[in-house]
Amino acid sequence: ACPVVALPLTIGGVDPPVIGLVCLALAFTHRDRPGLAGLALGVAAALKWTAWPAVPVVIALLWVCRGRRDALRCAAGAAGLAVLTVVPVALVDTGAFYQNVVLYPLGLGPTQSSAESPLLGHLIVSVVPQGKAVAVALILISALAVGASLLLRPVRDVVAAADRLALGLILAIVLSPATRIGYAIYPVVLLLWPRFMVALSRHAAPLPTARAASDPLPAPAAATTD
């Protein structure tokens, strides 16, 4: 029902599957499946840069809650898929890869996005001298601050991890010179979906076991005259 979620689902695009894969990784983490969580993160990261911040957040959550082994399994899955999908493309044309994957999302490439929104990063580039350098510096500072928060105040459940990831993405979206308001689908989903998921998992009834064909049907209840 939220417009920033409904619109991308209606018109298509890569953002809904990316945030869906991130949520799938969080669900696998909640179910203690670090390998599958890493694979989901790897696919998401191969699709778009907006999934990259989820990798350290999920790894940090697994490190705190499940231990180093599970965290490394997740990291191996995510990094392995990213390397298999990204490195061959980068080797074919390194210059084009750098322009499209690094410079274009930051608004620093020769091609400007037609979907730019007048958020803080865009205004900094337009008004402040050396605005692109200032915006990139602010993005790096915010990324380091969120990374430091994972060490100083570790996340200990899926909801806290999603909240921390949403905070990092909000900062990146607001400060990026080439951002667009459609990226709001990421923090909106991350702030709401994990809470629904955890609440449903707590109240879900166990599935009934399948009855064998040879099992007798239960006896009907006795009728009463009340």
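Annotations
- Taking the chain and dividing mean pair separation by its residue count, relative contact order in percent (alpha carbons under 8 Å, at least six apart): 22
- Residue among Arg69, Arg202, Arg180 with the largest mean-square fluctuation in a Gaussian network model of the chain, springs linking Cα atoms under 10 Å: Arg202
- Cβ-defined net charge surrounding Val189, 15 Å radius [Lys, Arg +1; Asp, Glu -1]: +1
- Prolate/oblate/rounded label for the stretch 86-164 (Cα gyration tensor, a/c 1.5): oblate
- Rolling a 1.4 Å probe over the protein heavy atoms gives the chain an accessible area of 59 Å² per residue.
- Between the labelled values (1) 1.06; (2) 1.04; (3) 1.12, the entry that holds Rg/Rh (Cα atoms, Kirkwood Rh) as derived from this structure is (3).
- Simple label model, 7 Å out from Cα along Cβ direction - Gln99 to Arg195, nm: 4.5
- Accessible carbon and sulfur surface of the stretch 52-121 relative to its total accessible area, %, 1.4 Å: 67
The values are calculated or read from the model by the stated rules, or taken from the named source; none is laboratory data. Computed from a predicted model, the values in this text were never measured in an experiment. Glycine also receives a Cβ, built like all others from the backbone with ideal geometry; neighbour counts cover every protein chain displayed. These accessible areas exclude ligands, DNA and RNA; they are computed on the full protein's heavy atoms, side chains included. Shrake-Rupley method; radii C 1.70, N 1.55, O 1.52, S 1.80 Å.
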